[in-house]
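The values are calculated or read from the model by the stated rules, or taken from the named source; none is laboratory data. As the structure is a computational prediction, the values presented were derived from the model and not from experiment. All Cβ positions, glycine included, derive from the backbone under ideal geometry; neighbour counts span all protein chains shown.
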Number of protein chains: 4
Amino acid sequence: MQKGETIWYIPDGYIPPESTNDLLSHESICVLNCQERKAQLAITIYFEDRPPLEKIAYEVPAKRTKHIRTSELSLDGEKIPVGVPYAIEVESDEPIIVQYSRLDSTQPELALMSTIAYALK
Amino acid sequence: MQKGETIWYIPDGYIPPESTNDLLSHESICVLNCQERKAQLAITIYFEDRPPLEKIAYEVPAKRTKHIRTSELSLDGEKIPVGVPYAIEVESDEPIIVQYSRLDSTQPELALMSTIAYALK
Amino acid sequence: MQKGETIWYIPDGYIPPESTNDLLSHESICVLNCQERKAQLAITIYFEDRPPLEKIAYEVPAKRTKHIRTSELSLDGEKIPVGVPYAIEVESDEPIIVQYSRLDSTQPELALMSTIAYALK
Amino acid sequence: MQKGETIWYIPDGYIPPESTNDLLSHESICVLNCQERKAQLAITIYFEDRPPLEKIAYEVPAKRTKHIRTSELSLDGEKIPVGVPYAIEVESDEPIIVQYSRLDSTQPELALMSTIAYALK
């Protein structure tokens, strides 16, 4: 039984440039791999005004979840810039499930948002 | 391969009339166009008590995202009024993926909400 | 073309019992009717420990949206109690699209959450 | 008519370790059972770095909702640890609908997030 899909989208990516207090503003791409085999991800980052950063590699072991901080992703040393609107495509060689969440502590009290990503079927 | 759908809905549109501090209260219609061709959007705004504003044009280039602020949309000079409940229909001539987010800074500490829009299939 | 579905679910209903400042804590069932005919809704409220309140009537005109405050719904004078977990079923005689949002001002700074409801297909 | 699905996923589980004021930081798995028969759930918890806690039992009566606090779930006395990223799989012997919400009161003003879970079809 196929537990999930292999292509997922998150159109609203944004790393808040500022944080207050101890909680760092950040986004997470939360991936669940329920399969018996590891999933090899290829994450592509789309921008408003320049070509995408294509196929950043990431691995999620079998029967595990990974909550991936977008600020940790990089391609040939290039990271996602903060304070810039972007979008995310997650491809996987195994079926997975993807949820996106953002914690914003630009101001002293944090704000949260979350949504299941959009799966191609 | 068709990456997305061509008709999307967001029933809960609302531009908060007030902002505090530096962060402006706003909504974004976040569109991702993964296709090799530009997408021509037609955005329709539905209200509670009057006819819709129909088919506001907007273009998203190939392999790009656009995070569209709803306060910037206008039809023949008419904008979406603030403080009024409304709803959004996004049509596109190419498959796209749409997410909706709102930042509310009516009070000093911001609040966030987000959801993948609803796609017709 | 059928623009939406006729049965929608929102499992996480909750009317916060307290508010601070000017912004009242509330939930909205945001309904969009893109059809050429009015939609007649029947809203059922499920509880944790007692039988549901069944088929509260509500009308959404053609080509209009309604952002329905759950605190305004009532059946034979009975309203949804505040501070109690409940769930919502929205049935419609015409295809509609439904999004659920909550604003919580229990504390001085508001919090928001939102999601497209779950449609039966 | 089948009202819902039998397998649901929530990749972004996280119990905030701290709370302020009277509102306890918590997550809820909100389940709606519209069927005429009770639903027997088996909830599996996936982690980043160890094997899952498998098939925690939970019952939702016919025509009722349950808003399940994740901090109350346990398997052989083992609970979900706070402050650790994890993911949730909800299986049911009857069709149900599932929504996930988190209230975070790490800081004095609360934050909320919510999404309909992802259903296998």
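Quick rundown of the values:
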read-out	value
Qualifying residues in segment B:29-43 (those that are crowded, with 22+ Cβ neighbours inside 10 Å and within 20 Å of residue A:13 (Cα to Cα)) - the one farthest from the other protein chains (Cβ to nearest Cβ)	B:39
Boolean, residue A:63 is modelled with pLDDT of 95 or more and at positive phi	yes
Selected residue (only one of A:68, A:80, A:7 is touching a helix residue (DSSP H, G or I) at 6+ places or on another chain (Cβ under 9 Å) and of a type in the set (A, V, I, L, M, F, W, C))	A:80
Qualifying residue in segment B:31-48 (condition: at pLDDT 95 or above and farther than 24 Å from residue A:118 by Cβ)	yes
Tally, over segment B:44-71, of residues that are within 14 Å of chain A (Cβ to nearest Cβ), among the aliphatic types (A, V, I, L, M) and buried (at least 19 other Cβ atoms within 10 Å of the Cβ)	2
From the options C:59, C:89, residue that is free of Cβ contacts under 8 Å to residues at least 24 places away in the same chain and in a strand (DSSP E or B)	C:59
Criterion violated by residue C:78 - all others in (1) away from chain B (no Cβ under 13 Å); (2) in contact with a Leu (Cβ under 7 Å, 6 or more places away or on another chain); (3) at pLDDT below 95 satisfied	(3)
Exclusive hit being out of contact with any Cys (no Cβ under 8 Å at 6 or more places or on another chain) and over 16 Å from residue C:9 (Cβ atoms), set C:72, C:54, C:91	C:72
Hey, residue D:55 in contact with a strand residue (DSSP E or B) (Cβ under 6 Å, 6 or more places away or on another chain) and not β-branched (Val, Ile, Thr) or not	yes
Qualifying residue in segment C:12-26 (condition: at pLDDT 95 or above and more than 9 Å from every other protein chain (Cβ to nearest Cβ))	no
Enumeration of residues in segment C:84-98 that are surrounded by 19 or more Cβ atoms within 10 Å (Cβ to Cβ) and either out of contact with any strand residue (DSSP E or B) (no Cβ under 8 Å at 6 or more places or on another chain) or among the hydrophobic types (A, V, I, L, M, F, W, C) (or both)	C:87, C:88, C:90, C:96, C:97, C:98
Test: residue in segment A:99-113 that is without any contact (Cβ under 8 Å) to a residue 60 or more places away in the chain, within 24 Å of residue A:3 (Cα to Cα), crowded, with 24+ Cβ neighbours inside 10 Å and of a type in the set (S, T, N, Q)	no
Residue in segment B:106-121 that is modelled with pLDDT of 95 or more, away from chain A (no Cβ under 13 Å) and in a strand (DSSP E or B) present	no
Matching residues, segment C:82-96, being within 14 Å of chain D (Cβ to nearest Cβ), under 14 Å from the mean Cα position of the chain (by Cα) and of a type outside the set (Val, Ile, Thr)	C:85, C:86, C:87, C:89, C:91
Checklist (1) at pLDDT 95 or above; (2) out of contact with any Pro (no Cβ under 7 Å at 6 or more places or on another chain) applied to residue A:4, failing item	(2)
Every residue from segment D:4-17 that is surrounded by fewer than 23 Cβ atoms within 10 Å (Cβ to Cβ) and either of a type outside the set (D, E, K, R) or over 19 Å from the mean Cα position of the chain (by Cα) (or both)	D:4, D:6, D:7, D:14, D:15, D:16, D:17
Failed condition for residue B:81, given (1) of a type outside the set (D, E, K, R); (2) surrounded by fewer than 18 Cβ atoms within 10 Å (Cβ to Cβ); (3) part of a strand (DSSP E or B)	(3)
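Conditions tested, residue by residue: (1) hydrophobic (A, V, I, L, M, F, W, C); (2) farther than 30 Å from residue A:38 by Cα; (3) not in a strand (DSSP E or B).
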site: D:3; (1), (2), (3): no, yes, yes
site: D:6; (1), (2), (3): no, no, no
site: D:9; (1), (2), (3): no, no, no
site: D:12; (1), (2), (3): no, no, no
site: D:16; (1), (2), (3): no, no, yes
site: D:36; (1), (2), (3): no, yes, yes
site: D:43; (1), (2), (3): yes, no, no
